[in-house]
Amino acid sequence: MRIVLGVGGGIAAYKAASLLRLFTEAGHDVTVIPTEAATRFVGTATWEALSGNPVTNSVWDAVDRVSHVRLGHEADLIVVAPATADVLARAAAGLADDLLTGTLLMAHGPVVMAPAMHTEMWQHAATRANVETLRGRGITVVEPASGRLTGADSGPGRLPEPADIFAAAMRAAARRAGTGALHGKRVTISVGGTREALDPVRFLGNRSSGKQGMALAEAALAQGAHVSLVLAHAEVPPPAGCDVVRVESALDLREAVLAALPTTDVLVMAAAVADYRPAEVMDAKIKKGDGEDPVITLVRNPDVLRDAVLARAGRTGPLVIAGFAAETGDATADPVSHARAKLARKGCDFLVLNVVGSHLVFGQDTNEITILDARGTESAAIRGSKRTIADAVIAHAAGLLQD
Ligand code: CTP
């Protein structure tokens, strides 16, 4: 592929050199366009040496070849890393005051931007609006990573790891090329564990790490899907390139899932949703006193999976719905029988059955599952990393969507 790598003027510009290496080592032909400010951090000689191509940020070089028009038209992919608040603003406003912004206006292929800036700049209303504008135009603006920033401060605003930007860029290119079993499809995945508030500082939660849900998101992205995460509490960050709606409780999660449903082709309920919540949420912190110890009364939460299945009834296009079930088996029935009964109760298209024993699956990196389909079929046991399992689940959903 012919790739244009735009580099904004932030300290993270040095990390773009690693990203450039990933592109060239994968066999791509990369033209680097640093902004004027970026060259204060990393000189053009570095970009020329690493890319093997001439580097300029001026529209006044090689005027006869009208560089911005040629580069914009010829690029199969444009990646901007780091995308500073300034570059995001100029791109959103449609300015063309240097070679990078001019090239962005001429882009024919997919554009991926990886922001890096201080947390306050990232969270500023102006930046938020610019990011929304760019996303609305189909540009992939990946979420910045959280962590230590240039100074002593930390928070969201770090440039994601070059390998993550590389992966997001390759996914964007695959999406545009139309490869992947879920190309053009929208996949919504609920991920992580809900938290049910007791008072302003306490909650009832669960041990879900969110790893399986994130692996599902990666697998769906790799198949060219547009992925939306309904993200409850998780220990791992979402992969670059998906939309994220953050939720706390089961009720929040239900609202977000049902709101996404009309535009969803595949829903995977991977979240650990609390079946119960405290009947009452205290406005003030519960204090220990000399009186009686508090008793917490719980009330049932709605079954989101079941509600999604019910909401599907009124819709026109196909929608595949999958759930997860962790079963142990007991004196009355084996795990598969329990899961079959659950599949019937929920009414979804398939259940991913996790047979749990004394070793819990929460937080582990590998897993073993069986896919039980509502049509009565049952897959062989699928063993492996959470990504291997995610690939199998996404492939099953894609197969049902095509049927
Ligand atoms: N789920 C849901 N809403 C809930 C609870 C669970 O949508 N309030 C979803 C989960 O995301 C998962 C599946 O339903 O896809 C799990 O089913 P569930 O009946 O909760 O299984 P268990 O927690 O194992 O429940 P049980 O005690 O009935 O076996």
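Using the alpha-carbon atoms, what tilt in degrees (0 to 90, nearest 10) does helix 211-222 show relative to the longest principal axis of the chain?
50 degrees
Going from the alpha-carbon gyration tensor of the chain, what semi-axes, largest first and in whole Å, does one get by taking the root of 5 times each eigenvalue? Each step should come with its number before you reach the end.
On the way: eigenvalues 378, 132, 65 Å².
One finds semi-axes of 44, 26, 18 Å for the chain.
So if we plug the beta-carbon distance of Met1 and Arg246 into 1/(1 + (r/R0)^6) with R0 = 25 Å, what FRET efficiency do we get, rounded to 0.05? Write out the running numbers ahead of the final one.
Numbers: r = 34 Å, r/R0 = 1.35.
Computed FRET efficiency for Met1 and Arg246: 0.15.
Please give the direction-averaged projected area of the C-alpha convex hull for region 293-403, in square nanometres with one decimal. Show your work: numbers first, answer last.
Working: hull surface 39.5 nm².
In nm², the orientation-averaged hull projection of region 293-403 is 9.9.
When the helices in the chain are scored as -39500 (n - 2.57) per DSSP H run of 4 or longer and the sum is shared across all residues, what 222 nm value do you end up with, to the nearest 500 deg cm²/dmol? Mind showing how you got there, number by number?
On the way: 14 runs with 141 residues, N = 403.
Helix contribution divided over all residues of the chain: -10500 deg cm²/dmol.
To the nearest 10 degrees, how steep is helix 162-177 against the longest Cα principal axis of the chain, on a 0 to 90 scale?
Result, in degrees: 90.
How would you order 19-27, 156-164, 79-87 from highest to lowest mean count of nearby Cβ atoms within 10 Å?
79-87, 156-164, 19-27
Could you check the simple spin-label distance between Arg70 and Arg207, using points 7 Å along Cα→Cβ, in nm with one decimal?
Distance between label points: 6.1 nm.
As an exercise, identify the GluC sites (Glu not before Pro) in region 178-238 lying in DSSP coil whose Cβ has no more than 12 other Cβ atoms within 10 Å. Write out the running numbers ahead of the final one.
Values: sites: Glu196, Glu218, Glu235; in loops: Glu235.
Sites meeting the loop and neighbour criteria: none at all.
Pairs of lysines 8 or more apart, or on different chains, with alpha carbons under 23 Å: count those in the chain, would you?
Numbers: Lys185/Lys211; Lys185/Lys386; Lys211/Lys386; Lys342/Lys386.
Qualifying lysine pairs in the chain: 4.
How big, in percent, is the set of alpha carbon pairs in region 2-177 lying more than 30 Å apart?
On the way: 1427 of 15400 pairs.
Across region 2-177, Cα pairs with separations above 30 Å total 9 percent.
Suppose a student asked you for the relative contact order of the chain, using Cα pairs under 8 Å spaced at least 6 residues apart; what percent would you report? Let's see the in-between values first.
Details: 861 pairs, mean separation 44.0, N = 403.
Over the chain, the number comes to 11 percent.
For the peptides 31-44, 335-348, what is the packing order when you average, over each peptide's residues, the other Cβ atoms within 10 Å and list the highest mean first?
Values: 31-44: 20.0, 335-348: 17.1.
Sorting 31-44, 335-348 by mean packing, highest first, produces 31-44, 335-348.
Nearest 20 debye, what's the magnitude of the dipole of the chain about its Cα centre given +1 on Lys and Arg Cβ and -1 on Asp and Glu Cβ? Mind dumping the intermediate values first?
Details: 39 positive and 44 negative charges, 90 e Å.
Computed about the Cα centre, the dipole is about 440 debye.
We did not get these values from a lab; they are worked out from the coordinates using the rules stated. What you are looking at is a predicted structure, and each value in this text was computed from that prediction instead of being measured. Note that each Cβ is placed from the backbone with ideal geometry, even for glycine, and that neighbours are counted across all protein chains shown.
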